[in-house]
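To start, the structure under review is shown below, and the notes come after it.
The values are calculated or read from the model by the stated rules, or taken from the named source; none is laboratory data. Here the structure is a predicted model, which is why all the values come from computation and not from measurement. All Cβ positions, even for glycine, are placed from backbone atoms using ideal geometry, and neighbour counts span all protein chains on display. Surface accessibility is based on the protein's heavy atoms, side chains included, excluding ligands, DNA and RNA. Shrake-Rupley method; radii C 1.70, N 1.55, O 1.52, S 1.80 Å.
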Amino acid sequence: MQKRETWGSRAGFILAAVGSAIGLGNIWRFPYMAYENGGGAFLVPYFIAMLAAGIPFMILEFGLGHKFKGSAPKIFASISRRMEWLGWFQIAVCFIIVTYYVAVIGWAIQYFLMSFNQGWGASPADFFFKDFLALTSSPMELGGVQWPIFFSVAVAWAVTFYAIFTGVRGGIERLNKVFMPLLFVMVLVFIGFGLSLEGASDGLQWLFKPDFSAITNYKVWTAAAGQIFYSLSIGFGIMVAYSSYLPKKSDINNNATMTVFINCGFSVLAGVMIFSVLGYMAAQKGVPVSEVVSSGVGLAFVTLPTAINMMPMPALFGGLFFLALTIAGLSSMISLQEAIISAVMDKLNMPRKPAAVLICAVGFLVSVAFTTGGGLLLLDIVDHFVNNYGVLCGGLVEICFLTWFCRLDVIQEHVNAASEFSVGVLWRVCLKFFVPIVLGYMSIKNLIGDLSDGYGGYPVDALTMFGWLVLLVAVVLAFAMSCKECAFSECVATNNHLRRK
């Protein structure tokens with residue numbers, strides 16, 4: 001059995017965990033979610049969800065990784081051999097996500113290069129969809145590889161490979177010690193300049209003006225809990241892998257709390273950054289902010305470039321925004337890949353470097369599909385199904401298994417042992433009731449919507465092939481990997497005290 005690596009410092013671990021949590025969704029999803037769900041009033045359910053779901057779940061995953069010193073499959077196999085499949089399902093979800101997530105990072109790299117001369121031209125929408133992506137009319141029609149995107153994706157894979165190949169201290173920790181401070185500095189500089197623009201205050205008013213009637217709407221609470229869950233990298237093997245590299249005496253509860261607070265604080269900063277620009281754009285056009293606001297890919301690669309064209313220093317604003325987007329994406333991609341590598345190393349007892357070569361090579365080959373003309377459509381379908389079912393259902397099964405069929409008090413005792421503050425009954429109640437109810441409701445709601453209305457107007461065969469079939473493949477691979485005997489078996493007898501008898 002290989003000796004497990006450890007983080008070089010507590011700060012290095014927290015920066016890496018924050019780097020995993022902070023991703024593209026913080027920048028292009030949170031601001032729109034807040035705007036759509038009561039503005040400043042949305043922060044009330046958001047922070048309650050953070051306290052009742054985000055921090056408890058993060059403490060649980062940090063505790064699991066630290067106690068069992070392994071990847072998600074190893075941990076679940078250590079608790080019950082029959083549950084190893086769950087860990088592998090989460091790892092399969094990570095692999096699927098990383099293969100299309102890297103395409104968006106590739107787009108951001110290209111737009112960073114174009115930001116110095118506004119290479120997207122006077123009509124960013126036409127450029128993005130027609131010239132840059134060469135978008136096809138159907139996800140069943142992939143078209144040709146777009147070579148600028150392909151080469152940018154290769155660069156993103158090269159950075160990720162370097163981080164994974166050189167190890168926890170030499171690669172992941174070292175890069176995040178550069179990436180995270182740089183990301184925060186760039187966002188703060190952007191905000192400093194952005195707030196000086198005409199109309200910026202109007203944009204912030206649209207974002208933060210509270211509509212307290214929204215607090216009585218259960219959908220707003222669900223949206224807040226969903227945003228917390230999606231943005232923290234919990235429930236699919238990343239945080240347990242990262243925390244497995246912590247030294248024996250580590251303050252689990254403080255580390256988890258700081259990670260969640262920093263992530264959520266960054267989301268608020270991203271909201272200020274985005275809406276100051278949207279306010280300026282609305283002022284220049286003489287229209288309300290509601291007519292220019294958007295989210296997701298459209299916000300990052302159409303709306304923001306349009307606004308940047310109008311700014312007094314477009315190269316500065318464009319460079320800062322797209323470099324920030326690139327760094328946020330890379331830090332999350334590295335964490336996704338590390339969760340996979342950690343599982344492969346544990347299962348096959350494979351050294352890190354061969355495992356890094358194998359997994360990164362396979363991932364790169366799969367990701368080529370998302371650099372084609374049909375890549376965006378393919379990405380949209382896969383992302384919808386993987387996030388709404390793969391991530392949500394994996395997290396739901398995990399939390400139900402650990403809180404209802406295992407002795408949660410064992411984990412509670414472990415995380416409290418070396419922490420400055422202790423968790424107790426309220427922590428257990430949140431994990432046993434609040435988190436499963438929210439995740440269960442979201443899963444059922446998504447399933448009903450997709451079965452009754454389909455998704456995005458895509459043809460049934462495309463949804464079946466790139467949505468349901470992808471999920472089925474993940475499930476089959478999970479059970480296939482869990483059937484293979486390995487060193488996990490030796491952990492079951494010694495660690496199954498966590499199960500209820």
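Please list, ordered by first then second residue, the pairs with beta carbon atoms under 6 Å, 6 or more apart or interchain, first in the range 127-138 and among the polar types (S, T, N, Q), second surrounded by fewer than 17 Cβ atoms within 10 Å (Cβ to Cβ).
Cβ pairs passing all conditions: 136/143.
Just one of the numbered conditions (1) aromatic (Phe, Trp, Tyr); (2) closer than 30 Å to residue 99 by Cβ; (3) at pLDDT below 95; (4) open to solvent by 50 Å² or more (accessible area, probe 1.4 Å) is not true of residue 488; which one?
(4)
In the range 142-157, which residue that is open to solvent by 60 Å² or more (accessible area, probe 1.4 Å) and modelled with pLDDT of 95 or more is farthest from residue 127 (Cα to Cα)? I'd like the intermediate steps shown before the answer.
Of all residues in the range 142-157, those open to solvent by 60 Å² or more (accessible area, probe 1.4 Å) come to 142, 147-148, 151, 155.
Filter once more, so that each one left must be modelled with pLDDT of 95 or more: 147-148, 151, 155.
On the way: 147: 16, 148: 14, 151: 19, 155: 22 Å.
That would be 155.
Okay, residues lined up against (1) of a type in the set (Ser, Thr, Tyr); (2) open to solvent by 10 Å² or more (accessible area, probe 1.4 Å); (3) in contact with a strand residue (DSSP E or B) (Cβ under 7 Å, 6 or more places away or on another chain):
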| residue | (1), (2), (3) |
| --- | --- |
| 165 | no, yes, no |
| 195 | no, yes, no |
| 200 | no, no, no |
| 206 | no, yes, no |
| 218 | yes, yes, no |
| 254 | no, yes, no |
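Give the range 348-375 a look and list any residue that's more than 30 Å from residue 132 (Cβ to Cβ) and open to solvent by 10 Å² or more (accessible area, probe 1.4 Å), or say none.
We begin by selecting, within the range 348-375, every residue more than 30 Å from residue 132 (Cβ to Cβ); these are 348-358.
Of everything in the range 348-375, those that are more than 30 Å from residue 132 (Cβ to Cβ) and open to solvent by 10 Å² or more (accessible area, probe 1.4 Å) turn out to be 348, 349, 350, 351, 352, 353, 354, 357, 358.
Taking helices (runs of 4 or more DSSP H) that fall entirely within the range 314-416, which contain at least 3 residues that are in contact with a Ser or Thr (Cβ under 7 Å, 6 or more places away or on another chain)?
On the way: elements: 314-348, 352-367, 375-385, 392-404.
Because the criterion is at least 3 residues that are in contact with a Ser or Thr (Cβ under 7 Å, 6 or more places away or on another chain), the helices (runs of 4 or more DSSP H) in the range 314-416 that meet it are 314-348, 352-367, 392-404.
Among the residues of the range 121-134, what is the count of those that are open to solvent by less than 60 Å² (accessible area, probe 1.4 Å) and out of contact with any Gly (no Cβ under 6 Å at 6 or more places or on another chain)?
Step one: list which residues in the range 121-134 are open to solvent by less than 60 Å² (accessible area, probe 1.4 Å), which gives 121, 123-125, 127-128, 132-134.
Now drop any that are not out of contact with any Gly (no Cβ under 6 Å at 6 or more places or on another chain), which leaves 121, 123-125, 128, 132-133.
The number of residues fulfilling the criteria is 7.
Check residue 197 against each of (1) part of a helix (DSSP H, G or I); (2) modelled with pLDDT of 90 or more and name the one condition it does not meet.
Every condition holds for residue 197 apart from (1).
In this structure, does residue 175 turn out to be part of a loop (DSSP other than H, G, I, E, B) and either at pLDDT 95 or above or buried (at least 18 other Cβ atoms within 10 Å of the Cβ) (or both)?
Details: part of a loop (DSSP other than H, G, I, E, B): no; either at pLDDT 95 or above or buried (at least 18 other Cβ atoms within 10 Å of the Cβ) (or both): yes.
Spelling it out, it is not the case that residue 175 is part of a loop (DSSP other than H, G, I, E, B) and either at pLDDT 95 or above or buried (at least 18 other Cβ atoms within 10 Å of the Cβ) (or both).
So which residues in the range 264-286 are out of contact with any helix residue (DSSP H, G or I) (no Cβ under 6 Å at 6 or more places or on another chain) and within 19 Å of residue 125 (Cα to Cα), if there are any at all? Working first, answer last.
Our first condition is that a residue be out of contact with any helix residue (DSSP H, G or I) (no Cβ under 6 Å at 6 or more places or on another chain); within the range 264-286, this holds for 265, 268, 283, 285-286.
285, the sole residue that qualifies.
Can you tell me how many residues within the range 289-305 are open to solvent by 30 Å² or more (accessible area, probe 1.4 Å) and more than 24 Å from the chain's Cα centre (by Cα)?
Total meeting the criteria: 2.
Search the range 418-434 for residues being at pLDDT below 95, surrounded by 15 or more Cβ atoms within 10 Å (Cβ to Cβ) and not polar (S, T, N, Q), and hand back the single one that is farthest from residue 80 (Cα to Cα).
In this case the residue turns out to be 418.
Is the range 288-298 home to any residue that is at pLDDT below 95, over 17 Å from residue 35 (Cα atoms) and not in a helix (DSSP H, G or I)?
no
Just checking: which of the helices (runs of 4 or more DSSP H) contained wholly in the range 1-76 hold 2 or more residues that are of a type outside the set (Asp, Glu) and within 30 Å of residue 304 (Cα to Cα)? Even if it seems obvious, please write down each step before you answer.
On the way: elements: 10-21, 24-28, 30-36, 43-49, 55-68.
The qualifying helices (runs of 4 or more DSSP H) are 10-21, 24-28, 30-36, 43-49.
From the residues in the range 446-464 that are free of Cβ contacts under 8 Å to residues at least 60 places away in the same chain and surrounded by 12 or more Cβ atoms within 10 Å (Cβ to Cβ), which one is nearest to the chain's Cα centre (by Cα)? Spell out the reasoning first.
Step one: list which residues in the range 446-464 are free of Cβ contacts under 8 Å to residues at least 60 places away in the same chain, which gives 446-449, 451-454, 457, 460, 464.
Restricting the remaining residues to those that are surrounded by 12 or more Cβ atoms within 10 Å (Cβ to Cβ) gives 446-447, 449, 454, 464.
Values: 446: 19, 447: 21, 449: 23, 454: 24, 464: 24 Å.
Checking each candidate, the answer is 446.
If you go through the range 268-288 one residue at a time, how many are of a type in the set (Val, Ile, Thr) and open to solvent by 40 Å² or more (accessible area, probe 1.4 Å)?
Here is the first cut: in the range 268-288, the ones of a type in the set (Val, Ile, Thr) are 268, 272, 274, 277, 287.
From what's left, open to solvent by 40 Å² or more (accessible area, probe 1.4 Å): 287.
Total satisfying the criteria: 1.
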